[in-house]
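Reviewing the structure listed below.
The values are calculated or read from the model by the stated rules, or taken from the named source; none is laboratory data. Just so we're clear, the structure is a prediction, and the values are computed from it rather than from any experiment. Don't worry about glycine lacking a Cβ; one is built from the backbone with ideal geometry, like all the others, and counts go over all protein chains shown. The protein model used for the area step is the full one, side chains on, heavy atoms only, and it has no ligands, DNA or RNA in it. Shrake-Rupley method; radii C 1.70, N 1.55, O 1.52, S 1.80 Å.
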Amino acid sequence: MQGQLKVLLEERSCLIDTLRELEAANIEIEANGVHNGEYQLMKHDFSTECSGKYSECTTTESSDDVEKQDIEDGSDADESFFYDTKETFSELTLSCGSVEGTSDSLDKVKDLESRKDDVEKMHHKQRIENSVHFSVQRRKKLPDPIEKEKRVSLWSMIKDNVGKDLTRVCLPVYFNEPISSLQKCCEDMEYSHLLDQAYEHGRQGNNFLRVLKVAAFAVSGYASSEGRHCKPFNPLLGETYEADFPEKGIRFFSEKVSHHPTVIACHCEGRGWRFWGDSNLRSKFWGRSIQLDPVGVLNLEFDDGEVFQWSKVTTNIYNLILGKVYCDHHGTMHIRGNREYSCTLKFKEPSILDRNPHQVHGFIEDASGRKVATIFGKWDEGMYYMEGEINGNRKRNSPPSDEFMLWKSEKPAPDLTRYNLTSFAITLNELTPDLKERLPPTDSRLRPDQRHLENGEYEKANEEKQRLERRQRISRKLQDNGWKPRWFCREGEDGPYRYMGGYWEAREEGNWDNCPDVFGELNESMVGE
């Protein structure tokens, strides 16, 4: 602090505000006798609120550099640096004691005790919420399997179904992974911090960096597919899934809204943005490979009104009969914006001679159609950009100053299973006793065959899967009899599905009266009624 006295003198007014807030927090802690664990949480809240002001007083870099660094680092909670409130206040007081005029400002601090009640009321609700949110401990591995897994020949099961829609082929549970397609949609939110950064860039008037971050987010959703060979569970009509990640600042919700065709609708709320869409996955089995063609539009809207829309590309799973099974993605993704910038990304189709797979290459275009930046990388590793138009694939032997990293994928989970779930995906089907009391009877975590598969109870899982598939065959009659989704509504006859609201409010009240028991028994007579 002594080496920065000149900066402190110039920012005297900022120092006074910081001292007041620090002292207020210190008084609040001592008055309430807060436990050490809660004290750490309050430091997190306070540091988040004051990071902008405090950074001006504790760095000799330019304000533009500070602002840029705060935006880039603000989304990574693990790398955030928090100051101890009591120790920092003491250091600031001692270091600034010789500064002319500081004694007058310190005298003003004495009246803070009278303002303690107002400060406490202002932060009381947020402190309670954060003490609950940030104490959540996510699991890091799946349960150890109870039974020994059986080996089943995929070819013997589906050789008579070549050319058919795979969603109508009844496969044993051994070909599934312990998550549903509803939870699979939530995996796109693993790198939601990119949208947080995009929101901040746009709020500061930098729409160019915003569209780059949105493009990186659109690609990042494919990173979790590397090494994933198993099929997610096909949800039942009316089945839902919720995901509340306060540490990431998101709340996600999805529901199966149609059985024929199979349509899943989702809605997610983040820090300054909303993401929603519905998807119909058409699949075909071609003997040695499976082709998955997504149908539907994904929407992203920021609080300032800027909207981006795009559709996913085609996915193929190869070597089902002989060789190592692997997946790849190919096609063109158009990210359309309603303002200044849009983006076009080309997922390169794999070839036998290709020694550099998983390539993605594209351009950022302004409203006039001029290419202002080139974006490139791999969908399983990371994405980069360079200003201007660069033709062809980017060579990695160029100077590193020419390119800037937008996103980098996380490391694989430490305890890999044959499902190859990411660390984020491992948390999606976790069911704690406290959470079980809050969930509706339609949530995917309560699906019995999926739960048995996760626990390694393969015989029970297969029996339950067959029972639920028999129940699923009746769903079409339910839909023909006027069944409607509980939480989503369709815009027009053939329009997209939009979230109607009310789910999180019903969860708070524990009111699930209008939610059907989708995992229970159902017969033909009940459908007629």
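Couple of notes before you dig in:
- Test for residue 444: is it crowded, with 18+ Cβ neighbours inside 10 Å and within 30 Å of residue 325 (Cβ to Cβ): yes
- Flag if residue 305 is small (Gly, Ala, Ser) and either at pLDDT 90 or above or crowded, with 21+ Cβ neighbours inside 10 Å (or both): yes
- Residues satisfying the stated conditions in segment 246-265, i.e. open to solvent by less than 10 Å² (accessible area, probe 1.4 Å) and within 12 Å of the chain's Cα centre (by Cα): 250, 252, 253
- Test: residue in segment 330-339 that is under 19 Å from the mean Cα position of the chain (by Cα) and open to solvent by less than 20 Å² (accessible area, probe 1.4 Å): yes
- Selection of segment 272-298 for residues being without any contact (Cβ under 8 Å) to a residue 40 or more places away in the chain and of a type in the set (S, T, N, Q) yields 280, 289, 291.
- Picking from residues in segment 130-152 that are among the basic types (Lys, Arg) and farther than 14 Å from residue 423 by Cα, the one that is modelled with the highest pLDDT is 148.
- In this structure, residue 477 does satisfy being basic (Lys, Arg) and either without any contact (Cβ under 8 Å) to a residue 12 or more places away in the chain or open to solvent by 50 Å² or more (accessible area, probe 1.4 Å) (or both).
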